[in-house]
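The values are calculated or read from the model by the stated rules, or taken from the named source; none is laboratory data. Nothing here was measured: the structure is a model prediction, and the numbers come from that model. Because the Cβ atoms are built from the backbone with ideal geometry, glycine has one as well, and the counts that use them run over all protein chains shown.
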Amino acid sequence: MRDALRRVVGAVAKSAHAGLVYERYAPEKRHDVRPDPWEQWLSRLEEHPEPDDYAEAFKRWEDALRQSYTATFTARAVSRLLVGHGNASPTGVGLTLHHTWGVPVVPGSSLKGVLAGYLRAVYGDGAAEERRRLFGVAGEDGAPEQAHAGEVIFHDAQWVPCSRVTGLDRAQSFLARDVLTVHHPGWYGGKAAWPSDYEPPNPVAFLSVRPGGRFLVALSLAPGTEADAQAEDFLAWTARRLDEALRHWG
């Protein structure tokens, strides 16, 4: 039974879905065993290729965007990218991957949050009306008619297939190992003694998205929003501001 389970886990480790391997099939840490199965697991994920049929799925999604008023632009990760580090993970550091395809993805809620903070900090009251249109407002008590829904849909930014990026191919992994070093494990572990510089550091390996990958960022008019020239201009303005936020704030 134990040997059969090992074969099943080994087959899943070669699965085309990196998210499944990362979140559900981590081996037990056995530093007394060589080669260390934990290190082997991380190394396999670092070499995990893009799924065979992902490019076709991306094209279908891209074609669907053309059916509505949508503004798009491509964002390139110039450094390592980590979204969803608070998600549950065997390494203790989470990572957001596409639920179906296992490739990196940036949730629309994350993009919306970055833009909200950027507009508030950089444009201030000068963009108050734009923020109202973007994010909506709740009606005050006794005046629900003052409520206004947001006029823009922030789609999840999808990973651009390697076949569309010069210098990348499907066999090239999109994940890279990173490390977070805890210098005071005793203090963080609940010991009453104050931390000191004599404690041994504890490096914790985790995965992030390699630099150089690209994401297609898409914004659409929300249902019920009148699609006219003014709305299209507002959508283009929003895309420019989001591009600014990602360039300068990351």
Scan the range 183-206 and tell me whether some residue there is under 30 Å from S79 (Cα atoms), of a type in the set (G, A, S) and modelled with pLDDT of 90 or more. no
Could you tell me whether the range 183-190 includes any residue that is in a helix (DSSP H, G or I) and hydroxyl-bearing (S, T, Y)? yes
For the range 65-101, give me each residue that is on the phi > 0 side of the Ramachandran plot and touching a Ser or Thr at 6+ places or on another chain (Cβ under 8 Å). G84
Exception for G117 within (1) at pLDDT 85 or above; (2) surrounded by 14 or more Cβ atoms within 10 Å (Cβ to Cβ); (3) under 22 Å from the mean Cα position of the chain (by Cα) falls at (2)
Determine if the range 59-73 includes at least one residue that is in a loop (DSSP other than H, G, I, E, B), among the polar types (S, T, N, Q), modelled with pLDDT under 95 and touching an Asp or Glu at 6+ places or on another chain (Cβ under 9 Å). no
Only one of V182, V209, V204, V217 that is touching a strand residue (DSSP E or B) at 6+ places or on another chain (Cβ under 6 Å) and either among the acidic types (D, E) or free of Cβ contacts under 8 Å to residues at least 40 places away in the same chain (or both): V182
Is it fair to say R241 is outside any strand (DSSP E or B) and of a type in the set (K, R)? yes
Unique match (being modelled with pLDDT of 75 or more, under 16 Å from the mean Cα position of the chain (by Cα) and among the basic types (K, R)) among R164, R131, R214: R214
Would you check which residues across the range 81-114 are under 29 Å from D52 (Cβ atoms), surrounded by fewer than 17 Cβ atoms within 10 Å (Cβ to Cβ), of a type in the set (S, T, Y) and under 13 Å from the mean Cα position of the chain (by Cα) and list them? S110
